[in-house]
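Peer 1: Just dropping this structure here.
The values are calculated or read from the model by the stated rules, or taken from the named source; none is laboratory data. Quantities reported herein were computed from a predicted structural model and do not represent experimental measurements. Ideal geometry is used to build each Cβ from the backbone, glycine not excepted, and the neighbour counts take in all protein chains shown. Keep in mind that these areas ignore ligands, DNA and RNA; they rest on the heavy atoms of the full protein, side chains included. Shrake-Rupley method; radii C 1.70, N 1.55, O 1.52, S 1.80 Å.
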Amino acid sequence: MPLLTNNDSPQQCRWHSYSTTAELEQAAAQTILHAAQHAISQRGAFHIVLAGGTTPRRVYELLREADTDWAAWHVYFGDERCLPPDHAERNSRMAALAWLDHVAIPANQIHPIPAEMGAQNAASAYARAVEGIELFDLVLLGLGEDGHTASLFPGHELGNTPDAPVAIAVFDAPKPPPQRVSLSAYRLGAAHQVMFLVTGAAKRQAITDWRNGAAIPAAAITPTSGVDVYLEAMLLP
Ligand code: 6PG
């Protein structure tokens with residue numbers, strides 16, 4: 001039984017493999033900038049959802065040097081850990097230090113998840129923050145060793161149906177900290193483009209499971225246009 005999806009069909013995956021991490025990061029940065037150029041030319045704005053964790057850090061650093069209309073960028077987050085805003089483990093802090101503090105995106109166009117409010121209040125607040133956006137232009141996601149993405153974990157609510165909440169409060173995440181906020185799978189899939197960034201040998205089993213059709217949380221992200229998985233060649237059989 002395929003996972004319920006934004007387009008009611010099984011996830012379509014396009015696998016883009018790179019022989020080195022550096023090549024993957026360069027390619028990912030170029031794809032992001034191309035998506036921005038397209039969205040800004042078509043719609044006058046670029047709404048991007050950032051991935052957390054450590055994988056995207058170098059991609060964010062590469063974006064610092066980009067020649068783009070930063071005033072047209074609107075930045076959101078796919079998930080956040082319930083920690084103080086300046087905590088070293090906050091996804092928003094990683095993105096700020098690596099990239100956002102170094103470019104001229106207007107501050108009111110950067111939308112961190114207010115996870116310091118606590119998971120439930122932050123989830124409600126963030127659902128309101130993204131209300132006006134029918135489709136994100138680009139959603140960046142990582143992949144956990146257990147197949148999680150954003151803060152959507154195996155055996156937990158994924159929110160992969162049309163009636164799912166926009167943002168989900170998580171209280172018992174297996175990846176610390178336990179309390180998190182995540183956009184739902186359905187909301188993350190409401191996008192023109194979805195791009196996963198996967199590096200590191202530790203992700204090999206999750207990639208194998210995914211390619212074998214396992215219903216891991218990452219497979220619950222199902223935009224009509226399919227998803228693009230940028231991964232290191234060593235993760236493929
Ligand atoms: C988080 C992330 C999470 C992350 C994966 C991969 O808040 O932890 O959103 O989904 O993307 O766990 O993490 P790494 O990139 O650090 O391997």
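Peer 1: Convert 20 °C to kelvin, take the viscosity as 1.002 mPa s, use the Kirkwood radius over C-alpha pairs of the stretch 99-202 as Rh, and evaluate the Stokes-Einstein diffusion coefficient in µm²/s, rounded to a whole number.
Peer 2: 146 µm²/s
Peer 1: Still on this model: Averaged per residue, what accessible surface does the chain expose to a 1.4 Å probe, in Å²?
Peer 2: On a per-residue basis, the chain sits at 43 Å².
Peer 1: Next question. Compute the Rg/Rh shape ratio of the stretch 31-103: radius of gyration over Kirkwood radius, all on alpha-carbon atoms.
Peer 2: The Rg/Rh ratio comes out at 0.98.
Peer 1: Report in % the part of the accessible area of the chain that belongs to carbon and sulfur, leaving out ligands and nucleic acids; probe 1.4 Å.
Peer 2: 51 percent
Peer 1: Still on this structure, I have one more. Above 24 angstrom, tally the Cα pairs of the stretch 30-162 and express them as a % of all pairs, no decimals.
Peer 2: When all Cα pairs of the stretch 30-162 are counted, 28 percent exceed 24 Å.
Peer 1: Let me ask something additional. Evaluate the Debye formula for the stretch 152-229 with equal point scatterers sitting on the alpha carbons, no solvent, and hand back log10 of I(q)/I(0) at q = 0.20, 0.22 Å⁻¹, in q order, two decimals.
Peer 2: -0.99, -1.16
Peer 1: Applying the Karplus parametrisation 6.51 cos²θ - 1.76 cosθ + 1.60 with θ = phi - 60° to the phi angles of the stretch 161-170, what ³J(HN,Hα) value in whole Hz is obtained for each residue in order, glycine and proline being reported as x?
Peer 2: 10, x, 8, 5, x, 5, 10, 10, 8, 10
Peer 1: For the chain, what is the convex hull volume of the alpha-carbon atoms per residue, in Å³?
Peer 2: 111 Å³
Peer 1: Between Val103 and Ser41, what length in nm is gained on full extension when 0.36 nm per residue of separation is reduced by their alpha carbon distance?
Peer 2: Roughly 20.3 nm would be gained on extension.
Peer 1: Moving on to the next point. If r is the Cβ-Cβ distance from Ser19 to Arg57 and R0 is 22 Å, what FRET efficiency results, to the nearest 0.05?
Peer 2: 0.60
Peer 1: Among Met195, Met94, Met117, which one shows the highest mean-square fluctuation when the chain is modelled as a Gaussian network with alpha-carbon springs under 10 Å?
Peer 2: So, out of Met195, Met94, Met117, the one fluctuating most is Met117.
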